[in-house]
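What follows is calculated from the coordinates using simple rules that are stated; it is not laboratory data. None of these values were measured; they are calculated from a predicted model. FYI the Cβ positions are ideal-geometry reconstructions off the backbone, even for glycines, and counts take in every protein chain you see.
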Amino acid sequence: MTEPSGPPRVAVTVDVNGVSVSRQVEPRSLLADFLREDLGLTGTKVSCELQVCGVCTVLVDGRPVSACTFLTADADGAAVTTVEGLSDGRTLHPLQESFVDNFALQCGFCTPGFLMMAKALLDGDEPPDRAAIVEHLEGNICRCTGYQPIVEAVEQVAERQRGGAHG
Amino acid sequence: MTLPPFALVRPTTLDDALRELSEDAVPYCGGTELLLAMRAGLHRPDALVDLKRVPELAGVRVDDGGLVIGATERHADLAAHPVIRERLPVFARMERHIGNARVRNQGSIGGNLCFAEPKSDVATVLMALEASVTLAGPAGRRVVAVEEFVAGPYYAEREPDELLVDVRIPLRDGLRGAYLKFQTMERPTAGVAVLADEAAGWYRLAVGAVGEVPLAWSFGSLGEIDADDIAARVDPTPDLSGSEEYKRHVTAVYVRRALAKLERVSP
């Protein structure tokens with residue numbers, strides 16, 4: 001860890017999907033690069049790098065952020081959830097099941113971002129209605145599906161939440 | 001794409017933050033504008049002065065008949081804030097619809113104003129509300145109206161050694177307000193705010209996004225507001241969201257719609 005001539009580093013301790021990770025990072029390290037390159041969590045994708053497309057969405061302390069434009073240093077002490085954190089490796093998360101059931105993906109590149117955005121919404125106090133889902137997801141771009149199956153997938157999970165049924 | 005290298009400074013008091021600022025050490029909060037500008041090569045500061053640990057720059061309170069919003073408050077928190085939702089619902093609703101949910105969770109109100117993005121919903125509504133900002137610098141504090149602070153496209157009246165401390169919005173009992181925008185891309189084509197305080201005979205209209213800066217006007221009654229006259233008064237910038245002629249047309253349509261919406265808003 002001794003790097004006398006390297007660039008200055010910032011110590012960060014981040015809870016990533018329930019695992020505490022401590023690293024020294026450059027101040028300019030972006031959370032998307034930290035996750036993908038330092039930790040090998042390549043489920044989070046990167047595309048527009050302008051906070052417009054939403055594919056790099058992860059949750060920082062439950063809030064959706066664009067990991068492409070979020071300094072790793074700002075995640076120090078926070079809990080970060082990525083798409084890898086949705087499932088335990090055996091059972092899919094209800095949102096993932098619903099995306100499969102509703103054919104809510106084709107190429108799949110935008111899917112991690114949509115899943116994390118949807119999770120942030122469904123983790124709120126009230127299960128959202130269709131209008132709230134459409135509004136919340138309007139900052140995510142999908143080039144394959146035409147959005148309807150995605151909205152329906154999220155709506156189904158919200159309906160199950162509202163009904164209190166297990167799912 | 002990687003950002004250019006920089007040092008990260010994290011002061012915990014306003015005085016320390018002010019001491020760190022210079023031409024090459026710039027204020028940093030949510031990064032929704034600054035990091036994009038740095039990645040695009042438009043900006044290459046030596047240091048970012050992170051303001052998120054400075055308590056004097058945070059918080060929302062009612063003070064002296066006005067709402068005081070700390071510069072580092074994020075849009076999502078302002079949209080959900082109970083005092084703002086009760087006292088200034090038009091402002092809370094605008095905050096709930098700016099950018100997208102990620103931008104609202106990262107971006108701050110102070111950063112939005114300091115970047116003076118020409119299509120900022122925040123600046124348009126604040127100008128209509130006759131809001132002002134408090135700036136702190138080595139020589140002390142000064143208060144500047146948002147209409148003067150947002151001086152040009154991507155240009156705010158802030159000296160490099162100054163910080164925007166808070167935004168101050170006068171509160172009016174019985175205020176009614178509506179903000180409507182037309183948006184097909186990530187930023188609006190036109191945004192229109194209309195406000196009415198009948199008891200005080202105070203009426204305001206602001207139009208943003210069409211030109212280099214939002215513009216606001218006062219009226220003696222709602223009847224004085226002529227949508228075609230407003231469309232003639234704005235100074236549209238032709239861009240990907242429309243030509244000058246198109247933006248004037250959209251402005252007139254949205255002034256009419258905002259007035260119609262205001263009629264349905266109860267005090």
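At q = 0.13, 0.29 Å⁻¹, what log₁₀ I(q)/I(0) does segment B:140-196 have when each alpha carbon counts as one equal point scatterer in the Debye sum?
So the normalised log intensities work out to -0.55, -1.16.
If you take the Cα atoms of segment B:57-170, find Rg, then find the Kirkwood Rh from the mean of 1/r over all pairs, what is Rg/Rh?
Numbers: Rg = 12.9 Å, Rh = 13.9 Å.
With Rg and the Kirkwood Rh in hand, the quotient comes to 0.93.
Tell me which residues come under 5 Å, amide H to amide H, from B:Val210 once H is placed; ignore anything under 5 positions away on its chain.
Hits under the 5 Å cutoff: B:Gly191.
Calculate the dipole size of the protein assembly as shown relative to its Cα centre from +1 charges on Lys and Arg beta carbons and -1 charges on Asp and Glu beta carbons; express the result in debye to the nearest 20.
Value, rounded to 20: 700 debye.
Could you give P(r) for segment B:7-50, binned at 10 Å from zero, as whole percent values over all Cα-Cα pairs?
30, 54, 15, 0
Roughly how big is segment A:10-85's charge dipole about its Cα centre, with Cβ charges of +1 (Lys, Arg) and -1 (Asp, Glu), in debye to the nearest 20?
Details: 5 positive and 10 negative charges, 27 e Å.
Roughly 120 debye, rounded to the nearest 20.
Which whole-number percent of Cα pairs in chain A have a distance greater than 25 Å? List each step's numbers first, then the result.
On the way: 4566 of 13861 pairs.
So the pairs more than 25 Å apart make up 33 percent of the total in chain A.
Using a simple spin-label model with points 7 Å from Cα along the Cα→Cβ vector, what separation in nm is obtained for A:Arg160 and A:Arg143?
Modelled inter-label distance: 3.1 nm.
Using 1/(1 + (r/R0)^6) with R0 = 22 angstrom and r between the beta carbons of B:Arg44 and B:Asp161, what's the FRET efficiency to the nearest 0.05? Walk me through the intermediate numbers first.
Details: r = 19 Å, r/R0 = 0.85.
The value I calculate is 0.70.
Convert each backbone phi in segment B:111-124 into a coupling constant with the Karplus relation 6.51 cos²θ - 1.76 cosθ + 1.60 (shift: θ = phi - 60°), then list the ³J(HN,Hα) values in order as whole Hz, x for Gly and Pro.
Computed from phi, the couplings for segment B:111-124 are x, 4, 5, 5, 7, 6, 4, x, 9, 6, 5, 4, 4, 4 Hz.
Mean 1/r over all different Cα pairs, inverted: what Kirkwood radius does chain B give, in Å? Walk me through the numbers on the way to the answer.
Details: mean 1/r = 0.0529 Å⁻¹.
Its Kirkwood hydrodynamic radius stands at 18.9 Å.
Specify, per residue and in Å³, the volume enclosed by the convex hull of the alpha carbon atoms belonging to segment A:94-163. Display every interim value, and only then the final one.
Details: hull volume 5.1 nm³, N = 70.
Per-residue hull volume (Cα only) is 73 Å³.
In 10 Å bins starting at zero, report the fraction of Cα pairs in segment A:10-85 per bin as a rounded %.
Computed distribution, short to long bins: 22, 61, 17.
List the residues, sorted by chain then number, that are 5 or more residues from A:Cys53 or on another chain and whose placed amide H is less than 5 Å from its amide H.
Answer set, sorted by chain and number: A:Cys48.
Spelling out what I want: for every residue of segment A:148-162, take phi, set θ = phi - 60°, compute 6.51 cos²θ - 1.76 cosθ + 1.60 (Karplus), and round to whole Hz; glycine and proline get x.
Each residue of segment A:148-162 in turn: 4, x, 5, 4, 5, 4, 5, 4, 4, 5, 4, 5, 5, 4, 5 Hz.
Starting at 0 and stepping by 10 Å, how many percent of the alpha carbon pairs of the protein assembly as shown end up in each bin?
Computed distribution, short to long bins: 4, 20, 29, 26, 16, 4, 0, 0.
With every atom except the alpha carbons ignored, what do you get for Rg and Dmax of segment B:176-263, in angstroms?
Spelled out, the Cα radius of gyration and Dmax of segment B:176-263 are 12.5, 42 Å.
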